[in-house]
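The values are calculated or read from the model by the stated rules, or taken from the named source; none is laboratory data. No experiment lies behind these values; they were computed from the predicted model shown. Every residue, glycine as well, gets a Cβ built from its backbone with ideal geometry; the counts of neighbours run over all protein chains shown.
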Amino acid sequence: MVPWGYRRRNFLEPLTLNGQDMGRFKFYIFSTSSLRFVEARWAKTKLAAATLVVAGVLSATVFEANQSAGDVLGLGVGRGQYLTAENKILRAQLEGLTGRLQSLEDQLLALNSRDNELRLTVNLSPIDKDVRQVGVGGKDERVDFGVDPTVNALLQSLSSMVGRAERELELQAQSYKEVVAAYESNQDKFARIPAIKPMRGYYDVNSFGMRLHPVLRIMKPHEGLDIAADVGNAVYATGDGVIQFSGRTGGGYGIAVEVKHGYGYTSFYAHLSKVLVREGQRVKRGDLLALSGRTGLVSGPHLHYEVRLNGMRQNPIDYFFDDVDARRFQELLAESGARPTR
């Protein structure tokens with residue numbers, strides 16, 4: 001029931017009571033003592049304050065309940081502290097990894113020195129320091145990881161160190177491949193080089209070169225080594241190879257055998273009495289080739305032995321290893337545990 005005297009002309013007009021304008025934005029209460037409307041002072045301020053108090057209490061209650069339930073509302077309150085602690089742990093871990101990677105780089109530097117020693121042992125040129133630095137150099141991309149500046153700097157340092165280590169390992173791996181390939185090639189080459197005496201017997205260390213021919217009695221270059229022995233002494237291959245010639249020659253060498261060793265080497269055995277191998281047959285160092293004799297233009301029984309490198313005659317004495325002959329070579333193989341040749 002509208003109190004006496006209260007009326008409103010329209011919705012937008014101010015309220016009036018007994019002809020008095022009550023105002024559009026003022027709060028009034030009805031006084032039972034005076035039976036009239038009186039203005040409620042500070043009503044808005046008190047209402048706002050009360051609302052804030054209620055909202056604060058409600059927010060605090062909701063926050064505590066959310067935290068107790070493990071942040072089910074996903075408010076993220078407290079996550080900053082957690083991330084700060086996590087960031088501290090990650091920084092410590094990154095510093096530790098940086099130290100370990102630096103230690104690995106130091107070990108790689110030590111391997112560089114060892115690598116050059118290995119290269120020298122297989123007759124490869126060592127990798128020059130400047131060449132190695134160019135090989136492992138390169139531009140390191142500076143990447144912004146979008147994290148704390150300190151952590152970002154650590155990550156950039158790690159990325160750069162890992163890049164250098166990867167390039168160093170790649171260069172090292174390539175060098176080791178070259179070392180292994182050279183070693184395997186050398187093992188084959190060393191087995192083929194004429195390196196032992198082909199027969200037991202006496203020889204003159206000065207017989208290679210110009211000399212007076214024992215039959216023709218003229219000065220003539222002697223392009224091999226004569227080893228004196230009776231007819232029928234065993235003649236052995238001085239290195240691995242393939243029989244290139246076996247039989248009687250058309251010149252003064254009589255019956256002869258020629259072995260092609262590879263790598264430019266050949267060996268030649270002449271004045272033989274009997275050949276025990278055939279052309280195309282593969283032989284190894286220490287294999288029996290023939291028996292010594294006195295065929296051809298000779299003054300007495302002996303073995304004429306030559307070593308050629310790329311067609312050029314070499315002094316065979318330069319290729320004798322400690323004057324070891326085939327039999328002693330077999331003994332050395334047995335002592336070393338290696339499998340002797342047939």
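For region 204-218, does any single residue satisfy the condition of being at pLDDT 85 or above and not assigned by TED's automatic domain parsing to the domain that holds Thr121? Give the derivation first.
So in region 204-218, the residues at pLDDT 85 or above come out as none.
No, region 204-218 contains no residue that is at pLDDT 85 or above and not assigned by TED's automatic domain parsing to the domain that holds Thr121.
Taken together, the residues in region 149-161 that are loosely packed, with under 15 Cβ neighbours inside 10 Å and touching a helix residue (DSSP H, G or I) at 6+ places or on another chain (Cβ under 7 Å) amount to 1.
Residues that are free of Cβ contacts under 8 Å to residues at least 12 places away in the same chain and at positive phi do occur in region 315-325.
Per the listing Arg36, Arg132, the residue uniquely at pLDDT below 70 and surrounded by 13 or more Cβ atoms within 10 Å (Cβ to Cβ) is Arg132. When we screen Tyr319, Tyr236 for residues that are closer than 22 Å to Ser185 by Cα and surrounded by 15 or more Cβ atoms within 10 Å (Cβ to Cβ), the only hit is Tyr319. Taking each residue of region 142-161 that is within 22 Å of Leu104 (Cα to Cα) and at pLDDT 70 or above and looking for partners that are surrounded by 14 or more Cβ atoms within 10 Å (Cβ to Cβ) and aliphatic (A, V, I, L, M) with beta-carbon atoms closer than 6 Å, six or more apart or interchain, yields Leu154/Leu94; Met161/Leu101. The set of residues in region 269-297 that are within 14 Å of Gly247 (Cα to Cα) and not in a loop (DSSP other than H, G, I, E, B) comprises Tyr269, Ala270, His271, Leu272, Ser273, Lys274, Val275, Leu289, Ala290, Leu291, Ser292, Gly293.
Would you be able to say whether some residue in region 245-254 is surrounded by 15 or more Cβ atoms within 10 Å (Cβ to Cβ), at pLDDT 95 or above, within 26 Å of Arg328 (Cβ to Cβ) and not assigned by TED's automatic domain parsing to the domain that holds Asn123? Yes; the residues of region 245-254 include at least one that is surrounded by 15 or more Cβ atoms within 10 Å (Cβ to Cβ), at pLDDT 95 or above, within 26 Å of Arg328 (Cβ to Cβ) and not assigned by TED's automatic domain parsing to the domain that holds Asn123.
Condition check for Glu117 on (1) at pLDDT 75 or above; (2) part of a loop (DSSP other than H, G, I, E, B): one failure, at (2).
For region 259-268, name all the residues that are surrounded by fewer than 20 Cβ atoms within 10 Å (Cβ to Cβ) and either touching a helix residue (DSSP H, G or I) at 6+ places or on another chain (Cβ under 6 Å) or assigned to a strand (DSSP E or B) (or both). Steps first, answer last, please.
Step one: filter region 259-268 for residues surrounded by fewer than 20 Cβ atoms within 10 Å (Cβ to Cβ), giving 260, 262-264.
Within region 259-268, Lys260, Gly262, Tyr263 meet the criteria.
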